[in-house]
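Report on one structure; see the data block that follows.
The values are calculated or read from the model by the stated rules, or taken from the named source; none is laboratory data. Everything quoted here is computed from the prediction, not taken from an experiment. Neighbour counts run over all protein chains shown; Cβ positions are idealised from the backbone, glycine included. These area figures cover heavy atoms from the full protein model, side chains too; ligands, DNA and RNA do not enter into them. Shrake-Rupley method; radii C 1.70, N 1.55, O 1.52, S 1.80 Å.
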Amino acid sequence: MLFGLPPGRQLRAAGGLALAAAGLLVAGAFVNSRAVQQVAAPTEQVPQIDAAARDREQAAAWVARQVSGIIGCDAPVCALLAEQRVAPSRLLPLRGQEEVLNADVVVVTPALLDFFGAGLEPVTAPEPLATVGDIRIVQVTPQGVGTFAKALERDKRERREAGRELLANPRLAATPAATRQLAGGEVDARILVSLAALAASHRLYVRQFGDGGGDPRKVPYRTVEISSVDGAEPTEASVSGIVRFLEAQESRFHPIEAKIARPVDAVSTILRIRYAAPSPTGSLSS
């Protein structure tokens, strides 16, 4: 049974949240008003500071909502993630390059990039899971970028084959855009497995896929929106069995969201199923 696949690797042990404190030391016994004006931050820098803080908040919100596993971060982002109720055991404040390999995902802020320089490139995927302003959320690749790229290409071929097999199933239909994404191998393997299992008992119409990175060929879509179940608009009552089935799955086949929603661009309610980032490779062959 497809849902009997072994669970993903367990979270690696990581240190708890440690917040760094910053202080400002002003030396000198006498400071006149002109000197104060000289050391004060120019007013035009304030919008830049506000924008950077906003980017950190938005990136932290995305990570808290979308990411599973251990998160590598600098002190300000770790603090924001703690405020978002991410468990301290999942937060890894980064102080050295060797610690990066203990994370599953790293939130690369400009400050963290300055600290590591090019040191992150050999151990992180080149395509970000998401980008917020100057912040990139990237997957850690302990096996090395080259090995990861080969695994990703193999996974894409398997996703393409599985997607085309799904499209041949008379119990599943999709919009033209979703059809192209399925045929192109752009959909997360966990979604493909779930759709195959659900189509064994239900007639489904897929409205769209979402939550991919900048390049869906490298970061597959992790969300599916189903606009029709057994020929009718999904409701809480009609999909309750589907939701229970999905929530009963273990490990990587357990979605982080499975519920009724009404997107602003939809004419009716939809069933949204979302899986966590990053997408695992090898789900269709293991």
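Assorted remarks:
- Relative packing of peptides 124-134, 83-93, 218-228 - highest average C-beta neighbours within 10 Å first: 218-228, 124-134, 83-93
- Simple label model, 7 Å out from Cα along Cβ direction - Glu83 to Ala183, nm: 4.7 nm
- Over all other residues within a Cβ to Cβ distance under 15 Å of Ala53, the charged ones net out to -4, with Lys and Arg as +1 and Asp and Glu as -1.
- With the simple spin-label model, which puts each label point 7 Å out from Cα in the Cβ direction, the Val145 to Asn169 separation comes to 3.7 nm.
- Cβ charges +1 (Lys, Arg) and -1 (Asp, Glu), total dipole of region 148-284, debye: 340 debye
- Viscosity 1.306 mPa s, temperature 10 °C, Stokes-Einstein D of region 150-275 from Kirkwood C-alpha radius, µm²/s: 110 µm²/s
- Summarising the overall dimensions of region 49-142 from its C-alpha atoms, the Rg and Dmax are 11.8, 34 angstrom.
- Under 13 Å, Cβ to Cβ, from Ala79 - net charge with Lys/Arg +1 and Asp/Glu -1: -1
- Peptides 233-240, 190-197 ordered by average Cβ neighbours within 10 Å, highest first: 190-197, 233-240
- Share of carbon and sulfur in the accessible area of region 48-195 stands at 51%, probe radius 1.4 Å.
- 1.4 Å probe accessible area per residue over region 49-142, in Å²: 44 Å²
- In this rough spin-label picture, where each label sits 7 Å from Cα along the Cβ direction, the Arg154-Phe115 distance is 3.4 nm.
- Computed 3J(HN,Hα) for region 58-72, one whole-Hz value per residue from the Karplus formula 6.51 cos²θ - 1.76 cosθ + 1.60 where θ = phi - 60°, is 5, 5, 5, 5, 5, 5, 4, 7, 10, 9, 10, x, 7, 10, x, glycine and proline marked x.
- Compared with the alpha-carbon gap, the fully stretched path from Ala200 to Ser285 is longer by 28.6 nm at 0.36 nm per residue.
- A 1.4 Å probe over all protein chains sorts Phe253, Phe115, Phe245 by accessible area into Phe115, Phe245, Phe253, starting with the largest.
- Total formal charge among the other residues, if their Cβ is under 15 angstrom from that of Arg203, Lys/Arg +1 and Asp/Glu -1: 0
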